[in-house]
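Q: Below you will find the structure I want to go over with you.
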Amino acid sequence: MSTPFILNADLHCHSVVSDGTLTPETLALRAFENGVHLWALTDHDELGGQERAACAARDLGMDYLSGVEISVTWMGHTIHIVGLGIDAAHIGILEGLRRTRDGRQNRAKMMAEQLAKAGIAGSYEGALLYAGNPELISRTHFARFLVEQGVCRDTDQVFKNYLVEHKPGYVPHQWASLDDALAWIKAAGGVAVIAHPGRYKLSAMQLDELFKHFKELGGLAIEVVTGSHSPAQYQIYSKAAEHYGFMASRGSDFHDPQESYIDLGKLPHLPEHLTPVWSVFH
Ligand code: AMP
Ligand code: MN
Ligand code: MN
Ligand code: MN
């Protein structure tokens, strides 16, 4: 008996256009060589890599879905919403994302001021050198600079000690609203997915509220198998997808060969009883 075909979809990763270290073309090749059949590049708040990713995938004969990961502030918490299958030239989402990116420069300068007070000089300029896209300077770029400076041994340690709430380099930021993010994705013809629901510091009641609010706004899916979840969380969010009637997504959240814990396409498959989000497109 032949093994049934299981589509290897990886619908979440980052390039140099946001906080990844590889170009869209290099990522496409890596995904292809790792056996990915359907791929999406989902840079933070930015569609600048979409055409390159789509062309590279097409040249390799790999299916592609356009993607983005939108930073959202919901009830005071930062939540990430992935949009898939959007029209990357849609003016509404382009304008919305431009406004979402606005303020990253100022936030970065404030982070650098706080880090300077903690004894770490020159981090704005240092982080900027790591940012492939100056409009998309992120905490990840600061983390790489601080590792280079020998402040911490790896980026995980930098986040833990400097870049999260109550630590010296943390500056709170107001991102897009959940309503706006969903409106942009829907207007651009895409589907919305809650990225790595297990990563948020929400109580069970708050998470329930988030799922319901997202559903009311037309959100279709949640990530179940992601590089940002532990195997135990695959089970938890598989049950949540069933409970709330969400489709399920799968994505490595790959950023960099050294930093990322799971490579492109190298995740466990989705539990069979779930409806994959890509069934909307296939
Ligand atoms: P920003 O959008 O500038 O707040 O940066 C968010 C990015 O930082 C995320 O997309 C992750 O790539 C990275 N990040 C957040 N928390 C951590 C963490 N604890 N360890 C490593 N990377 C993290
Ligand atoms: Mn990131
Ligand atoms: Mn994320
Ligand atoms: Mn991500």
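The values are calculated or read from the model by the stated rules, or taken from the named source; none is laboratory data. None of the values given here were measured: they were computed from a predicted structure. Quick reminder, even Gly has a Cβ in these numbers, built from the backbone with ideal geometry, and neighbours come from all protein chains shown. Each accessible area value is taken on the protein alone, full model and side chains, heavy atoms only, with ligands, DNA and RNA left out. Shrake-Rupley method; radii C 1.70, N 1.55, O 1.52, S 1.80 Å.
Q: If you line up the long axis of helix 231-244 against the longest principal axis of the chain, both from Cα atoms, how many degrees apart are they, to the nearest 10?
A: 60
Q: Pairs of alpha-carbon atoms within less than 8 angstrom and 6+ residues apart define the contacts here; what relative contact order does the chain have, in percent?
A: Working: 544 pairs, mean separation 56.8, N = 282.
Rounded, it is 20 percent for the chain.
Q: Taking each pair of different alpha-carbon atoms in the range 170-267 once, compute 1/r for the pair, average those values, and report the inverse of that mean as the Kirkwood hydrodynamic radius in Å to one decimal.
A: Working: mean 1/r = 0.0689 Å⁻¹.
Hydrodynamic radius (Kirkwood, Cα only) of the range 170-267 equals 14.5 Å.
Q: Determine the per residue accessible area of the range 125-168 with all protein chains present and a 1.4 angstrom probe, expressed in square angstrom. Kindly include the intermediate steps, with their values, before the conclusion.
A: Working: 2360 Å² over 44 residues.
Accessible area per residue: 54 Å².
Q: With unit charges on the beta carbon (Lys/Arg positive, Asp/Glu negative), name the residue among Ala232, Leu11, His166 whose Cα is farthest towards the positive pole of the charge dipole of the chain.
A: His166
Q: Turning to a different aspect of this structure: What do you get for GluC sites (Glu not before Pro) in the range 133-190 restricted to DSSP loop and a cutoff of at most 16 other Cβ within 10 Å of the site's Cβ?
A: When the GluC sites (Glu not before Pro) of the range 133-190 are filtered for loop state and at most 16 Cβ neighbours within 10 Å, Glu165 remain.
Q: Could you compute how fast the chain diffuses translationally, taking Rh as the Kirkwood radius over C-alpha pairs and applying Stokes-Einstein at 4 °C with viscosity 1.567 mPa s? Give it in µm² per second. Show your work: numbers first, answer last.
A: Working: Rh = 19.1 Å.
Translational diffusion coefficient: 68 µm²/s.
Q: Rounded to the nearest 5, what % of DSSP beta bridges with both residues in the chain are antiparallel?
A: Values: 12 of 27 bridges.
Counting only bridges with both partners in the chain, antiparallel ones make up about 45 percent.
Q: Would you list, by chain and number, the lysines whose Cα falls below 25 Å from the Cα of Lys109, excluding same-chain residues fewer than 8 positions away?
A: The qualifying lysines are Lys117, Lys160, Lys167.
Q: Okay, next question. How much length, in nm to one decimal, is gained on full extension between Glu216 and Gln235, taken as 0.36 nm per residue of separation minus their Cα-Cα distance? Provide the component values of the computation, followed by the final result.
A: Details: separation 19, 0.36 × 19 = 6.84 nm, distance 2.42 nm.
Contour length minus Cα-Cα distance gives 4.4 nm.
Q: Now for a different question. Of the trypsin sites (Lys or Arg not before Pro) in the range 159-205, which ones lie in a loop per DSSP and count no more than 16 other C-beta atoms within 10 Å?
A: On the way: sites: Lys160, Lys186, Arg199, Lys201; in loops: Lys201.
In loop regions of the range 159-205 (DSSP not H, G, I, E or B), the sparsely surrounded trypsin sites (Lys or Arg not before Pro) are Lys201.
Q: Let me ask something else. Return the calculated 222 nm mean residue ellipticity for the chain, to the nearest 500 deg cm²/dmol, obtained by summing -39500 (n - 2.57) across DSSP H runs with n ≥ 4 and dividing by the residue count.
A: Working: 10 runs with 105 residues, N = 282.
After summing the helix terms and dividing by residue count, I get -11000 deg cm²/dmol.
Q: Next question. Tell me which lysines have Cα within less than 24 Å of Lys212's Cα, excluding those fewer than 8 residues away on the same chain?
A: Correct list for Lys212: Lys186, Lys201, Lys239.
Q: Also, I was wondering about something else. If you stretched the chain out fully between Lys160 and Thr78, how much longer would it get, using 0.36 nm times the residue separation minus the C-alpha to C-alpha distance?
A: Details: separation 82, 0.36 × 82 = 29.52 nm, distance 1.65 nm.
Result for the pair: 27.9 nm of gain on full extension.
Q: Return the whole-Å distance between the Cα centroid of the range 230-263 and the Cα centroid of the range 79-116.
A: 23
Q: Right, something else. Could you work out what % of the accessible surface of the range 103-163 is carbon and sulfur, using a 1.4 angstrom probe and leaving DNA, RNA and ligands out of the count? Can you show the working numbers first?
A: Details: 1490 of 3030 Å².
Carbon and sulfur together cover 49 percent of it.
Q: Hey, another quick one. Scan the range 58-115 for trypsin sites (Lys or Arg not before Pro) in coil per DSSP, keeping those whose Cβ has at most 10 other Cβ atoms within 10 Å, and list them by number.
A: Values: sites: Arg58, Arg98, Arg99, Arg101, Arg104, Arg107, Lys109; in loops: none.
Loop-located and lightly packed - none at all.
Q: Give the long-range amide H neighbours of Thr23: residues separated by 5 or more places, or on another chain, with amide H under 5 Å away, using H modelled in the peptide plane at 1.01 Å from N.
A: Answer set, sorted by chain and number: Val16.
Q: Which value, in debye to the nearest 20, describes the size of the charge dipole of the range 104-161 about its Cα centre when Lys and Arg Cβ atoms bear +1, Asp and Glu Cβ atoms bear -1, and nothing else is charged? Don't skip to the answer; put the middle values down first.
A: Details: 8 positive and 6 negative charges, 36 e Å.
Dipole magnitude for the range 104-161 comes out near 180 debye.
Q: What order do Phe5, Phe246 take when sorted by accessible area (1.4 Å probe), most exposed first?
A: Ranked from most to least accessible, the order is Phe5, Phe246.
Q: Hey, how much of the P(r) for the range 1-155 falls beyond 19 Å, as a percent of Cα pairs?
A: Numbers: 6997 of 11935 pairs.
For the range 1-155, the fraction of Cα-Cα distances above 19 Å is 59 percent.
Q: Assuming a ≥ b ≥ c are the square roots of the Cα gyration tensor eigenvalues, decide whether the range 104-161 counts as rounded (a/c under 1.5), prolate (otherwise, with a/b larger than b/c) or oblate.
A: Values: a/c = 1.73, a/b = 1.25, b/c = 1.39.
It comes out oblate by the Cα gyration axes.
Q: For the range 168-174, take each phi angle, set θ = phi - 60°, evaluate the Karplus expression 6.51 cos²θ - 1.76 cosθ + 1.60, and give the result in whole Hz per residue in order, putting x for glycine and proline.
A: x, x, 8, 10, x, 9, 9
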